[in-house]
Structures are given as C-alpha cells and as structure tokens.
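Some notes on the structure that comes next.
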Amino acid sequence: MGKSNENIITIIDLGSSKTVALSVEMTEAGLRYRGYGVAASGGTKRGVIVDLELAKKSVEEAVGRAEKSSGLALASAVVGVSGPHIRSVNSHGVISLGSRPREITSADVQEAGERAREIALPEGREILHLMTQEFLLDGQDGIQHPVGMIGRQLDIRVHVITAASAAVQNVVTALNLAGMSVEDKVYEGLACCDAVLRRDERELGAAVIDIGAATSDIAVVQDEVVIHSSVVPLGGINFTRDVAYGLKTSLVDAESLKRQFGCSMVTRIAEQNEIEVPSVGERPSRMMRQRDLGEILEPRARELMELLRDDLRHAGVLETLGGGIILTGGGSRLLSLTESCEDILRRPARVGLPMGIAQLPVELQEPEYATAIGLVFYTQRARVLKSKEETGFGARLRGLFTSRSTN
C-alpha cells in the first residue's frame, strides 16, 4: 500500500444510514479522485452517535475500503458534524481605533474577530465555525478587506455555528478508536454549499437543504456569506417508516418501494398504476395502487416542507431567497419533492448534484454524496487560505475565523 502525503484530502461523512470515506488528491491541475469506501452506519441515531463501538466499526470498514480503493494509508481525516444539536447565531464585534483615524492592521481585524467570539454559550456547547460576513468602518458597511484602509472604528459581523460539545467529541472519539486522527470538524450543511451552489445563487440568496436519513441540514447563503444554519430532525427514514407501517411491509422493502415508485404528489401518479408490495414473513406479495404509496408519502413531504418553511421564516431569511432552494442528499431524490417545496415555500427549487472532481466515479455524482464532495471542496479552500497566510501572500481574508475549534 502506498504512503499518504500532504496533498491528500481525506474526509469522513458519518451519517445515520451510511458512512463514507473519500480520498482526493490536490494537484496543480485541480482535485483528482483517489478512492472511496462506503459502509452501513451503526451506532448513530438522528445524526448523533449513541454507540461508540458500532460507530467505530462503521468508520473502520469505510476507511478500509477507501484504503484498498486508493492504495493509500489513511491516518487522518476531516469529519462532518450534524444533528439536531446544531445552532447558529449572527454576532458582531467592534473596536475603537483611537480619536484620530489610522490605518487598519491585520491585528485589528483579529481583535475585532475575538470580540465577536465573546458570545454567551450555554454549558456544554462549543463554537464549530465563526465566519466573517462583512466589516464596517466608521459605519460604512459592505467592506470585505479592511486592512490598509483608514478609520476610527472597526466593526465585524460574523455567523457563528455552535454544537453540543459531547456530540462533537463522540464523533472525534469514534474516529480515534478507528485509528484516525481528526484534522477538522465541519458542519455538513455548510459543506454541502460548496458542493451544489452556483455563483448566481450565492449572490442572490439561496437555501441548501441536505435531506439525510434522519435529519435535514439547512444553510442559507446570500452575497457569498452564510447568514443562517439549522437542522430539522426529520429525514428520509421517516418517509420509509411511514411506508412500512402503511403498506405493512419490511423497512428494506419500504425503502425500495419509496425509491422506485414513490412520489410526493398523488396527483402526479396515474390512477391505473399498480405496484407489487412484498408482505412481511412468508405471506405472498400483494398488488396495490401506486397512489396508495403516494398518499402515505405526500403528508410527510408536506410536513418536512412546512418545518423548513417555519425555520427559514423564523430566522427572517425566507424572503431573501432570490436564488431559490436547492434540495440535496438522498432524500431529495423522491419524485416531485421539488414541486412540493415550491408549493409550500413559494420559492423556485431544484435538486443539487455535487460538482465534479476529476476521475470521480459515476456513483458518487449523486445527491446522497453531496456532503462528502462538499467536505472535500471545503477542506481544499481552507488549506489554500492557510497556505497563503503562512507564506505571507496576504492578510487574513473572510475565511479567517472559519473552523477555529481544535480537535
């Protein structure tokens, strides 16, 4: 097996249904796929780890397959974090530069950022990300790079994403037990933005909704900056369980029926269509109307969209989504779900496919791998910024305060 090197990016997406390990190489020509591994997730519930031993085994299996696929020895990774414990808030910091105007330095920017970090956190919570939105100099907003400018007061506006410390530490511990060190921890909804958002959507304002197995991650970007992050505790497994209960079939068969014949709008299903529904145990299969399946899925789809609408409205960002809503993750593949979204949220919607990486296998170019691909892009961007800072090619830019937490 070959040796790992500093140009390799390895990420781990420890989801509720599957664990993904993906390795990509940073080259002068761009990112190049090296290998991946997927394993069924164990020990996770609603996006958080509930059994470390099972979670460790899932990571070991996924990493082992990624090592075999890539020919690399993988020892460290960037890991995604999600779950209902994720919270966000917009904060600001301000410093006085003196009675007379003077030139802004990188130390001033650093100090303003530290002031913005001084938010009251409940016990047991930690800052996962602190991202610069904009600077204000003597009340003038919209400033992105204040170093070198002249003024008397510097304000910074930031978006802060927090998480439950115990939930984050359990993710780190699971990787450590599997023999992997953790380079960084990234909110998965934030990573998805890097994978699926187009430039015009970033500018106009768009919400990325990553519909996973147990939760749906939300990240809203406007004018190239994150303005809202949240998690809704409802995902694809809720749809599957509804089908299993309603059609009296197993969870495995319910998932298959949902994927093959499911639709979130009953009126989009022809009345004469029938599907074969396997029974539980040794009883024979039954023929049922496809609309019966749709009548189970439609209410759950509406519930999810109403939860998303209420979350965005409560945050005051629903009216800002000129670029619409991008649904991604495995749950986004349900037929007509974008129509359900547009009907309830009154915004244009599309399914977000992850952007390409050289030599990436076709099976990874699907919505359910948007988080994994996004984690790669996020890590690449973070490494480039860090390299510029360390080699003196510029002062700290808008990503200065992103992911400052330690492992």
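No value in this document is a laboratory result; all are computed from the given coordinates. Worth saying up front: this structure is predicted, and the values here are computed from it rather than measured. No Cβ is skipped: glycine too gets one built from the backbone with ideal geometry, and neighbour counts run over all protein chains shown.
Over all pairs of different C-alpha atoms, the range 64-120 has a mean inverse distance whose reciprocal, the Kirkwood radius, equals 16.1 Å.
Restricting the count to DSSP beta bridges whose residues both fall in the range 232-384, what percent are antiparallel, rounded to a multiple of 5?
Of the beta bridges lying entirely in the range 232-384, close to 50 percent run antiparallel.
Counting neighbouring beta carbons within 10 Å and listing from fewest to most, the residues D155, D141 come out as D141, D155. Along the range 328-339, what does the Karplus equation 6.51 cos²θ - 1.76 cosθ + 1.60 (θ = phi - 60°) give for ³J(HN,Hα), rounded to whole Hz, x for Gly and Pro? Listing the rounded values in order: 9, x, x, x, 6, 7, 4, 4, 6, 5, 5, 5 Hz. Among beta bridges from DSSP that stay inside the chain, the antiparallel ones total about 75%. Expressed as a whole percent, the proportion of Cα-Cα pairs in the range 87-163 lying more than 15 Å apart is 52%.
Subtracting the Cα-Cα distance of V362 and V384 from 0.36 nm times their residue separation leaves 5.2 nm of extension gain.
Measure off 7 Å from each Cα along the Cα-to-Cβ vector at K45 and D310, then give the distance between these two points in nanometres to one decimal. Once both label points are built, they end up 2.3 nm from each other. Under 11 Å from the Cβ of I95, count the other residues' Cβ atoms, weight Lys and Arg +1, Asp and Glu -1, and hand me the total. So the surrounding residues net to -2.
Straight-line cross-link partners of K258 among the lysines, defined as a Cα under 22 Å from its Cα and at least 8 positions apart when in the same chain: K18, K45, K248.
Taking the Cα centre of the chain as origin, sum charge times position over the Cβ atoms of Lys and Arg (+1) and Asp and Glu (-1), and report the length of that vector in debye to the nearest 20.
280 debye
The share of Cα pairs per 5 Å bin across the range 216-324, counted from zero up to the longest distance, runs 2, 12, 19, 17, 13, 11, 10, 8, 5, 3, 1, 0 percent.
Would you please state the base-10 log of I(q)/I(0) at q = 0.10, 0.15 1/Å for the range 140-269, with intensities from the Debye formula using one equal scatterer on every alpha carbon? Each listed q corresponds, in turn, to -0.56, -0.99.
The angle between the Cα long axis of helix 290-314 and the main principal axis of the chain comes to about 20°, on a 0 to 90 degree scale.
What lysines sit close enough to K386 to cross-link, taking a C-alpha to C-alpha distance under 23 Å and skipping anything fewer than 8 places away on the same chain? Hits, sequence-local ones excluded: K185. For the chain, the longest principal axis of the Cα atoms and the long axis of helix 236-247 meet at an angle of about 20 degrees.
Cα extents for the chain along the principal axes, largest to smallest and rounded to whole angstrom: 84, 52, 43. Computed from phi, the 3J(HN,Hα) profile of the range 353-359 under the Karplus parametrisation 6.51, -1.76, 1.60 (θ = phi - 60°) reads 8, x, 5, x, 10, 3, 6 Hz, with x in place of Gly and Pro. Rounded to the nearest 500, the helix-only mean residue ellipticity at 222 nm of the chain stands at -11000 deg cm²/dmol, with each DSSP H run of n ≥ 4 adding -39,500 (n - 2.57).
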